[in-house]
Amino acid sequence: MYTSIPSNWETPSKIMNHRSRKRIVDLYNLIRKNVDGIKQQSRADKQGGFVRVFVAYHDNSYATEQVVLLRMSEITGDVNWENIKEVKMLTLEHKMAAERLGFKTFYDELNNVSSYKQGLRDGSLSVIGVLTHVLLPLHKADLDDNPFEKAKVVKENALIYNDKDLVLTNELLNELQDNVDRLSSCWKRKDPSCKELIQIVYKKTYSLYQKI
């Protein structure tokens, strides 16, 4: 089996599967039987379980997921299958994540630029930094009702705090606070698009610098 491993080496294997139920472990064992022959055991307190394999076209993966969720709800008699927040899903690619989380159009526009692709995939793309390093942390601080974290995010990222040539005035600070409040109000009223949030940032940043 392991032709590249010397015969005198130990080959430890994980026999006990602590995570999955018996029926799922049995399926694993059946699939692996003719591959590597490794056989696992399930925990005594994890009997039963449901296993289904669905084969479908890839035309609309989101619609397929909805059908699978409803079907699994029928099979298991568990209505929680119908609530996607209660179901653990494995996301295999960035495009799939974008579609599931509702920003596919935004992702596609960036992914179509060849020089952006690598940075988009590993999160280092500077053009999305305002989303990942500023807006998302601000939104999380709002959700957690944490004004101290919110103030920290603003102070670390607001240009008026990081430009040594600027003299901070009450007018500038009040303007900055108004801009942050406008963002908070936007995502509290609805689920805004990335475009809406970036437009607020752009317009308010431009307005702020007009006053400097």
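The values are calculated or read from the model by the stated rules, or taken from the named source; none is laboratory data. Please read these numbers as outputs of a predicted model, since none were measured by experiment. Here Cβ is always computed from backbone atoms with ideal geometry, including for glycine, and neighbour counts include all displayed protein chains. We work out accessible area using only protein heavy atoms, side chains counted, and drop any ligands, DNA or RNA first. Shrake-Rupley method; radii C 1.70, N 1.55, O 1.52, S 1.80 Å.
Over the residues of the chain, the helix contribution to mean residue ellipticity at 222 nm works out to -15500 deg cm²/dmol, using -39500 (n - 2.57) for each DSSP H run of at least 4. Rolling a 1.4 Å probe over the heavy atoms of the protein chains gives the chain an accessible area of 76 Å² per residue.
Just want to confirm a number: the relative contact order over the range 19-139, from Cα pairs under 8 angstrom separated by 6+ residues, in percent.
Numbers: 69 pairs, mean separation 15.9, N = 121.
It rounds to 13 percent for the range 19-139.
When the Cα positions of MET96, SER124, GLN47 are compared along the charge dipole of the range 40-142, GLN47 comes out farthest toward the positive end, with charges on each C-beta of Lys, Arg, Asp and Glu.
Can you tell me the dipole magnitude for the chain around its Cα centre, using point charges on the Cβ only (Lys, Arg +1; Asp, Glu -1), in Debye to the nearest 20? Please list the in-between numbers first.
Details: 32 positive and 28 negative charges, 159 e Å.
In total the dipole reaches around 760 debye.
Ordering TRP9, SER61, VAL134 by Cα displacement along the dipole of the chain toward the positive end leaves TRP9 in first place; charges were set at the Cβ atoms of Lys, Arg (+1) and Asp, Glu (-1).
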